[in-house]
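Let me begin by presenting the structure, written as structure tokens, before commenting on it.
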Amino acid sequence: MVAVLAVVVVLVAQWLRGQADVQQFILDFPGQSELPADTPAGIPVWLAWQHGLNAFFLLFIIRSGLQLRTGGRPSTFWKRNNTGLIRTKGEPVRVGITVWLHVAFDTLWIVNGLTYFVLLFATGQWMRVVPTSWDIVPNAVSAGLQYVSLDWPVENGWVNYNALQLLSYFVVIFVAAPLAIVTGIRLMPGFAARFRSLDKAFPLSAARTLHFWLMLFFIAFIAVHVFLVLATGAQRNLNHMYAARDDGSWLGVILFAASLVVMAATWFALHPVVVKKLASLTGTVISR
């Protein structure tokens, strides 16, 4: 059923592109907005590193998040040794070891994200991912129609993202990521226990539901993002994203492959015994 619907959508989009008015619309709005004159060109090295680290942290945030959704009642817990926010009635709150792992990767992701935000605005790179003109809307419609009709828009991510990419990056950076952080903090056991006054204004059930849907959004975004990167010129795109260069070398592909090896190695290395050992460095691990 889904395949049939997809074929119908593609055929309709291709029919639309054959109409004179639509052809003129695409000529007027080719799919990308003009950037401000002082927008920096290219992808700096710091952004390539940030992108790689972001992908690494998100993988294990999603993995531990799914484990929390499907793992049932934990048998191993982590308890903080010192005082702080995760504390109720004078006693540290204990959390499942998977919660500890999830929060650990969350913390690294947030630190990486804060660094990204500072550099984004300090270097002017924000102009590449924040809409600065209302013609972003018709250009996004045009880009979407070109994608759906399977005659994809001509693009050069080294200079300017197409309007649909720009809007999607804007939503991820400035909407989805902050919401994920806010809902995640709201769900932390110590925070929830200490700030009962928020229960009516922002119930835990609402935070949990929104946090889950945000995870699904990130999964969908990553799937589409990776597909388009590989399908629209993998060598050049990976060179941009991982090697911060715009040439015909294979360095970006090599670095991307190396990052996959690191991810796979870390995936298998995070055995429960290893996770317990790591958790014990920051608190007390208890098994029931």
- Task: Jot down the radius of gyration and Dmax of segment 108-230, Cα atoms only, both in angstrom.
- Result: 17.7, 54
- Task: Calculate what fraction, in whole %, of the accessible area of the chain sits on carbon and sulfur atoms when a 1.4 Å probe is rolled over the protein chains.
- Result: 71
- Task: May I ask for the equivalent-ellipsoid semi-axes of segment 124-185, computed as the square root of five times each C-alpha gyration tensor eigenvalue and listed largest first in whole Å?
- Result: 24, 14, 11
- Item | Relative contact order of the chain, defined on C-alpha pairs under 8 angstrom at six or more residues apart (%) | 29
- Picking from PRO36, SER142, TRP49, whose Cα lies most toward the positive end of the charge dipole for the chain (charges on Cβ: Lys, Arg +1; Asp, Glu -1)? TRP49
- Note on the structure: Mean accessible area per residue over the chain (1.4 angstrom probe, all protein chains present, square angstrom) is 57
- Treating the beta-carbon of each Lys and Arg as +1 and of each Asp and Glu as -1, no other charges, what is the dipole magnitude of the chain about its Cα centre, to the nearest 20 debye? 2180
- Query: Among THR232, MET188, TRP267, which residue has its Cα positioned farthest towards the positive end of the charge dipole of the chain, with +1 placed on the Cβ of Lys and Arg, -1 on the Cβ of Asp and Glu, and the dipole taken about the Cα centre?
  - Reply: MET188
- Message: Taking a cut-off of 29 Å, what percent of all Cα-Cα pairs in the chain are separated by more than that?
- Response: 46
- Query: Which value in deg cm²/dmol, rounded to the nearest 500, describes the helix-derived mean residue ellipticity at 222 nm for the chain, given -39,500 (n - 2.57) per DSSP H run of n ≥ 4 and division by the residue count?
  - Reply: -20500 deg cm²/dmol
- Query: Hey, if you drop one equal point scatterer on each alpha-carbon of segment 148-219 and run the Debye formula without solvent, what base-10 log of I(q)/I(0) do you get at q = 0.13, 0.15, 0.20 Å⁻¹?
  - Reply: -0.54, -0.63, -0.86
- Does anyone have the angle between helix 136-148 and the longest principal axis of the chain? Alpha-carbon axes, 0 to 90°, nearest 10? 80
- Message: Below 16 Å, Cα to Cα, which aspartates and glutamates can LYS79 reach? Residues fewer than 8 away in the same chain don't count.
- Response: GLU91
- Note on the structure: Ignoring ligands and nucleic acids, PHE174 exposes an accessible area, probe 1.4 Å, in Å² to the nearest 10, of 60
- In degrees, nearest 10, the alpha-carbon axis of helix 204-231 is tilted away from the dominant principal axis of the alpha carbons of the chain by 40
- Measuring from the longest principal axis of the C-alpha atoms of the chain, the long axis of helix 177-187 (C-alpha) lies at a number of degrees, nearest 10, equal to 20
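The values are calculated or read from the model by the stated rules, or taken from the named source; none is laboratory data. Source: prediction; values computed, not measured. Neighbour counts are summed over all protein chains in view; Cβ atoms, including those assigned to glycine, are modelled from backbone coordinates with ideal geometry. In case anyone asks, the SASA skips ligands and DNA or RNA and just uses the protein heavy atoms, side chains included. Shrake-Rupley method; radii C 1.70, N 1.55, O 1.52, S 1.80 Å.
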